[in-house]
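Have a look at the structure below before the remarks.
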Amino acid sequence: MEQHSAEHAGIAAAVESLMPKAREELAELVAFRSVADAALYPAEECRRAARWVAAALRAEGFGDVEVLATPDGSETVYGHLPAPEGAPTVLLYAHYDVQPPLDEDAWTSPPFVLTEREGRWYGRGAADCKGGVMMHLLALRALRRTGGIPVGLTVVVEGSEEQGTGGLEQYAEAHPERFAADAMVIGDTGNVRAGQPTLTATLRGMVAVRVRVDTLEGNLHSGAFGGAAPDALAALVRLLDTLYAEDGSAAVAGLPSEGVWEGTPYDEDTFRRDAGVLDGVPLVGSGSVADRLWARPSVTVLGIDCPPVSGATPSVQASARALVSLRLPPGTPAEEGTRLLTEHLRAHAPWGARVTVEPAGEGQGFRADTGSPAYASMASALREAYDGTETAVVGQGGSIPVVGTLAGLYPEAEVLMVGLSDAAARIHAVDESVSPDELRRMAVAEALFLRRYAASRGGTRA
């Protein structure tokens, strides 16, 4: 076990004393049904969550706090604390919007009530990413209790990350001066498993499109017309199948798919357990698991509009729609992915069906500089917070759209990606949870990082 520094001891004690308050506040945040989709939940829930975050920042001494209206109709909380003389500025990012809870009856405990069970805290957003908000707050409070905050801070907590509608990205592009920083801590990824500190080095990009297939003027009786009339639903199924190779890997025409991951590997047996793959069901794709997750594209059919089994009539369908997501390895621009996916779908229309494709969202991929001073400071902080455990360096198959935007606006800024979404967190699924021990350790690590990064840049080591 690594010998802890006096600096670590003071910060760890401060964080420990703050954990009861953190649980109470996370429960308040989780209670907001802040699903960034007004068709599913009232927009007022997002507004209430945003104002909760703004009030929390003001309580921590941020004089410059605003709730920004972004171009997609969402709200982003912005707080700024000027840097001490000679010290760097660090941007801390998280988001308060969450995925829908899916089937609320399938949850073991109510999704919007933070519930402790078997050493974890359950609730929608507990890990992704309201827990990330609490991680930042805990780190700042611990620093205040142990000598003060040694850097300038810009805190950004957005409300549309889960929708991928680009509100914060568009705002940042129009107001780049507001987000300038020497380093950026993106608190929206996580550790590969509880107890294993992890830095995320790459993000796959993301595009989504809505595809519609039309074949008839209207639905027809399947007995009278089936066998000759082209079925739009069957045509859509055949069209979607062209997006996959025989082994299940992405087969979008013109899209490279042979990337190789060079960081920490992901053992196949471990992945099967983490993903809950059923016994006897093989994994799809080729190459190592890490190659498939972090260095190669993947296609997912997110939803299909068609009649449900219950109540279906014997009809040949005139039209059908699907929402398709394409994940892209770093280096492939999102707009290129949209173009290739659109062209593929149009070129592979079966039976002469009419195919229309509408873009539904984009997010750029990202590759971090793992040799930067900020990475060295964070790796050191993580190692000490986790009792000497060396930090894993992995990719993330998902995308965080704002990262690519900020990296493009500030190419000299050092971007670090950490968070609370360990393998057991089940983010985006039923029974999402966070480990309070991970929250405690990650808050300690973030506070240590801010101290050490300030010292490495010539600032005050408060």
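The values are calculated or read from the model by the stated rules, or taken from the named source; none is laboratory data. Everything numeric in this text was worked out from a predicted model, so none of it was measured. Cβ coordinates were reconstructed from backbone atoms using ideal geometry, including for glycine residues, and neighbour counts include every protein chain displayed. In case anyone asks, the SASA skips ligands and DNA or RNA and just uses the protein heavy atoms, side chains included. Shrake-Rupley method; radii C 1.70, N 1.55, O 1.52, S 1.80 Å.
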Just wondering, is there one or more residues in the range 9-29 that are among the hydroxyl-bearing types (Ser, Thr, Tyr), outside any strand (DSSP E or B) and open to solvent by 20 Å² or more (accessible area, probe 1.4 Å)?
yes
Can you tell me which residue in the range 349-366 is least open to solvent (accessible area, probe 1.4 Å), limited to those that are farther than 15 Å from GLU335 by Cβ and in a loop (DSSP other than H, G, I, E, B)?
ALA353
Test of understanding: among ALA69, ALA127, ALA106, which residue is without any contact (Cβ under 8 Å) to a residue 24 or more places away in the chain and either open to solvent by less than 10 Å² (accessible area, probe 1.4 Å) or of a type in the set (A, V, I, L, M, F, W, C) (or both)?
ALA69
Flag for LEU283 being within 27 Å of the chain's Cα centre (by Cα), within 22 Å of PRO350 (Cα to Cα) and assigned to a loop (DSSP other than H, G, I, E, B)
no
Only residues in the range 235-250 that are within 19 Å of VAL281 (Cα to Cα) count as the first member; pair them with residues that are charged (D, E, K, R) and surrounded by 18 or more Cβ atoms within 10 Å (Cβ to Cβ), Cβ under 8 angstrom, at least 6 apart or cross-chain, and list the lot.
SER249/ARG292; SER249/ARG296; ALA250/ARG296
With the condition being within 25 Å of the chain's Cα centre (by Cα) and among the polar types (S, T, N, Q), I'd like the strands (runs of 3 or more DSSP E) fully within the range 177-258 carrying at least 3 qualifying residues.
198-203
For the range 95-102, indicate whether the set of residues that are without any contact (Cβ under 8 Å) to a residue 12 or more places away in the chain, within 17 Å of VAL30 (Cβ to Cβ) and out of contact with any His (no Cβ under 6 Å at 6 or more places or on another chain) is non-empty.
no
Single condition ILE400 does not satisfy, out of (1) touching an Asp or Glu at 6+ places or on another chain (Cβ under 8 Å); (2) open to solvent by 40 Å² or more (accessible area, probe 1.4 Å); (3) of a type in the set (A, V, I, L, M, F, W, C):
(2)
On the given criteria, is THR202 farther than 30 Å from GLN163 by Cβ, touching a Pro at 6+ places or on another chain (Cβ under 6 Å) and either open to solvent by 60 Å² or more (accessible area, probe 1.4 Å) or of a type outside the set (A, V, I, L, M) (or both)?
no
Between a residue in the range 339-365 that is under 17 Å from SER325 (Cα atoms) and touching a residue at least 60 places away in the same chain (Cβ under 8 Å) and any residue that is among the hydrophobic types (A, V, I, L, M, F, W, C) and exposed (fewer than 15 other Cβ atoms within 10 Å of the Cβ), which pairs come within a Cβ distance under 8 Å, given they are 6 or more apart or on different chains?
LEU340/ALA253; GLU343/ALA253; HIS344/ALA253
